[in-house]
Amino acid sequence: MALEAMWSHRLRTGLTMLGVIIGISSVIAVTSVGQGIQKATEQQIQALGSNVMLVLAGAARSGGISQGVGSASTLTWEDAQAIAQQVPAAQSVTAFLQRTVQVVYAGQNISTTVIGTDLNYPEVKNIHPQQGQYFTQEDLDSAHPVAVLGSKVRDDLFGTGSSAIGYDIRIQGGRYKVIGVMESKGASGAQNVDDQMYIPLTNMSARIVGNNALNGTAINGLWLKAEDEAQLDAAQFQVTNLLRIKHNIYPPQADDFRIINQVDIINTFSNVVGLFTILVGAIAGISLIVGGIGIANIMLVSVVERTREIGIRKAVGATYSAILSQFLTEAVAVAIVGGAIGIGFGISLALVAANVFKFPFVVSLWSILAGFGFSLVTGLVAGVIPARNAARLDPIAALRSD
């Protein structure tokens, strides 16, 4: 009888369902997009190594203004070598020195990031040459002017997919031979790993930056690779203690370096995205309240329109519970059918968004179950008062109504 009543007033039923459909589809689509973005970011970070830790030099100050982390000469290559030798949790360590420079080949002139580093960089950062080779120990010892390009740098200078091996490029006026091209990794947050190039740390320090540390070769920072994520906390503790001893830092003096844990980055981002998804989902859930109010209004109107029908049913023996269940079932049916349509529409929206913006398509079971649960609760809550009003009608008064 509930389905027949819905079908006989199709337009009214469809408009009543609209609020529930919008609410459910919004909740599912928003949570799916949030989880997809979170998954994509985690995959990008893990592709670069989720068991790695970044140690940056301190910030230089000029006129009381901080120049940013890594700008001071507080870390040296010798610090990185000491960490590799004396920190048990460190599986591998690589030092780096980086600058934004102009790179020229033929008529192409681009600005990119050049990283001076050592032989451990590919292993620690999980990025390897796709063409050619990485520089060797001899290149590092002799400060040879050789370069390994990121895939975007290669494309910008030589053309997409071109071979750059063996060609000479100019970095700040110096001539460097291209010996390799790194595999494509894509962007991670604001950093595009493909828009970088790599040269020996010794060459970078001597020819591009200049040795500016009092003792040793100054670096901007170092990457530490642990055996797994569980070892990062131990590595962070050990590195902190070692560097404080080497740099003669004692309490209450502040560290002249900064440690960034990749796992902490993933967890922080996941928490932020999770909170944002809950916030937007809650806002979308307001549509469910609006949909419930719509169902209640329509059911109240339906009770008034069907007063004579209710009177006849009660006159021939329909009980209070029978009338109550009839109208309550109609309200629940409207909400459940609207919820089912909303779930299908929400999944479709999430799939379209995943394909358009190129992130993983993720629809959790809990969001679908929550959609059905919200639909059921909305129908029950919205249908209680109209159903009670219908069940309490006096049959004689109902039969006499127009």
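The values are calculated or read from the model by the stated rules, or taken from the named source; none is laboratory data. Because the structure is a prediction, the values reported are computed rather than measured. For neighbour counting, all protein chains shown are included, and Cβ atoms are generated from backbone atoms with ideal geometry for every residue, glycine included. The area values use the complete protein model at the heavy-atom level, side chains included, leaving out ligands, DNA and RNA. Shrake-Rupley method; radii C 1.70, N 1.55, O 1.52, S 1.80 Å.
Run the dipole for the range 74-224 about the Cα centre, Lys and Arg Cβ at +1, Asp and Glu Cβ at -1, nothing else charged, and hand back the magnitude in debye, nearest 20. Write down the numbers at each step before the final one.
On the way: 9 positive and 13 negative charges, 71 e Å.
Dipole of the range 74-224, to the nearest 20 debye: 340 debye.
Using packing as a proxy for protection, rank 373-379, 164-170 so that the peptide with the highest average count of other Cβ atoms within 10 Å comes first.
Numbers: 373-379: 20.9, 164-170: 15.9.
Going from most to least packed, we get 373-379, 164-170.
Under 8 Å for C-alpha pairs, at least 6 residues apart: give me the relative contact order for the range 290-402, rounded to a whole percent. Don't skip to the answer; put the middle values down first.
Working: 114 pairs, mean separation 62.2, N = 113.
Here the relative contact order equals 55 percent.
Based on the mean of other beta carbon atoms within 10 Å per residue, what is the order of 304-313, 219-228, 360-369, most packed first? Please list the in-between numbers first.
Values: 304-313: 16.1, 219-228: 22.1, 360-369: 14.6.
Output ranking for 304-313, 219-228, 360-369: 219-228, 304-313, 360-369.
What nm value, rounded to one decimal, do you get for the distance between Phe276 and Phe372 when each label is placed 7 Å out toward the C-beta?
It works out to 3.1 nm between the two label points.
Post the alpha-carbon centroid distance, the range 292-311 to the range 214-233, in whole angstrom.
Distance between centres, Cα-based: 70 Å.
Expressed in whole Å with the largest first, what are the equivalent ellipsoid semi-axes of the range 240-378 derived from the C-alpha gyration tensor as the square root of 5 times each eigenvalue?
On the way: eigenvalues 679, 64, 26 Å².
They are 58, 18, 11 Å, listed largest first.
Under the definition of Cα pairs under 8 Å and six or more residues apart, what whole-number percent is the relative contact order of the chain? Intermediate values should be presented prior to the final figure.
Working: 750 pairs, mean separation 115.5, N = 402.
It comes to 29 percent, rounded to a whole number.
Mind ordering 198-204, 52-58 by average Cβ neighbours within 10 Å, highest first?
The peptides rank, most packed first, as 198-204, 52-58.
Karplus couplings for the range 342-355 from phi (6.51 cos²θ - 1.76 cosθ + 1.60, θ = phi - 60°), rounded to Hz, Gly and Pro as x?
Going residue by residue, I get x, 5, x, 5, x, 5, 5, 4, 5, 5, 4, 4, 5, 6 Hz, with x marking Gly and Pro.
So what's the range 76-171 giving for Rg/Rh, alpha carbon basis, Kirkwood Rh from the mean inverse pair distance? Kindly include the intermediate steps, with their values, before the conclusion.
On the way: Rg = 15.1 Å, Rh = 15.0 Å.
Rg divided by Rh gives 1.01.
At 222 nm, what value in deg cm²/dmol follows for the chain if DSSP H runs of at least 4 each add -39500 (n - 2.57) and the sum is divided by all its residues, to the nearest 500? List each step's numbers first, then the result.
Working: 12 runs with 213 residues, N = 402.
The helix contribution divided over the chain gives -18000 deg cm²/dmol.
Hey, what do the phi angles of the range 248-262 turn into as Karplus ³J(HN,Hα) couplings, whole Hz, using 6.51/-1.76/1.60 and θ = phi - 60°, x for Gly and Pro?
6, 9, 10, x, x, 5, 7, 5, 9, 8, 9, 10, 10, 9, 4
For the range 103-145 and the range 148-178, what is the separation of their Cα centres, given in Å?
One Cα centre to the other: 10 Å.
Say each of Asn267 and Leu365 gets a label point 7 Å from the Cα, pointing the same way as Cα to Cβ; how far apart are those two points in nm?
Calculated label separation equals 2.7 nm.
Return the carbon/sulfur percentage of the accessible area of the chain, one whole number, probe 1.4 Å, all protein chains in place. Could you put the intermediate results ahead of the total?
Working: 11600 of 19610 Å².
Ligands and nucleic acids excluded, carbon and sulfur give 59 percent.
Please give the direction-averaged projected area of the C-alpha convex hull for the chain, in square nanometres with one decimal.
Working: hull surface 117.1 nm².
Hull-based average projected area comes out at 29.3 nm².
Hey, with R₀ at 41 Å, roughly what FRET efficiency would Thr136 and Gln172 work out to, going by the Cβ-Cβ distance, to 0.05? Mind dumping the intermediate values first?
Working: r = 23 Å, r/R0 = 0.57.
The computed FRET efficiency comes out at 0.95.
At Val290 and Ala397, where each label point lies 7 Å from the Cα along Cα→Cβ, what is the point-to-point distance in nanometres?
Between Val290 and Ala397, the simple spin-label model gives 3.5 nm.
In whole Hz, with x marking every Gly and Pro, tabulate ³J(HN,Hα) for the range 125-134 from phi via Karplus 6.51 cos²θ - 1.76 cosθ + 1.60, θ = phi - 60°.
8, 6, 9, 10, x, 8, 10, x, 8, 7
Please enumerate, by chain and number, the lysines with C-alpha under 20 Å from the C-alpha of Lys152, excluding those fewer than 8 residues away in the same chain.
Qualifying lysines at Cα under 20 Å: Lys125, Lys177, Lys185, Lys358.
Using a Förster radius of 22 Å, what is the FRET efficiency between Thr319 and Arg12 based on their Cβ-Cβ separation? Nearest 0.05, please.
Values: r = 27 Å, r/R0 = 1.24.
It comes to 0.20.
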